[in-house]
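Everything on this sheet refers to the single structure shown next.
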Amino acid sequence: MATRCEGWRRRGGTFTLGPVTWEQCDNNAIVNLTVVQEKEETLPACKVCWQEAIDKGITIKSAIPLKEVKSGKK
Ligand SMILES: [Zn+2]
């Protein structure tokens, strides 16, 4: 099984009515990011969320690529 990205993105907000909800990213993680926000934490992330973290100016302490997951046989 591939590791799922643990990035969360905001749905709604400025251009939609109703409450803002958070949705977990559907991509497979390619990297383990150690980020420092309120506290330091390590989570699997995909390329998109990694780039987003960089764009948001989040402090990334380390980024360790995950091993390729071979698909096929379970
Ligand atoms: Zn993601």
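The values are calculated or read from the model by the stated rules, or taken from the named source; none is laboratory data. Small disclaimer: the values here were computed from a predicted structure and weren't measured. All Cβ positions, even for glycine, are placed from backbone atoms using ideal geometry, and neighbour counts span all protein chains on display. The protein model used for the area step is the full one, side chains on, heavy atoms only, and it has no ligands, DNA or RNA in it. Shrake-Rupley method; radii C 1.70, N 1.55, O 1.52, S 1.80 Å.
So here's what we get for this one:
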item	result
Near pairs, Cβ below 8 angstrom, 6+ apart or cross-chain, from the stretch 34-63 (open to solvent by less than 60 Å² (accessible area, probe 1.4 Å)) to any residue that is within 13 Å of the ligand (Cβ to nearest atom) and of a type in the set (Ser, Thr, Tyr)	PRO44/THR3
Odd one out for LYS39, checked against (1) modelled with pLDDT of 90 or more; (2) within 14 Å of the ligand (Cβ to nearest atom); (3) basic (Lys, Arg)	(2)
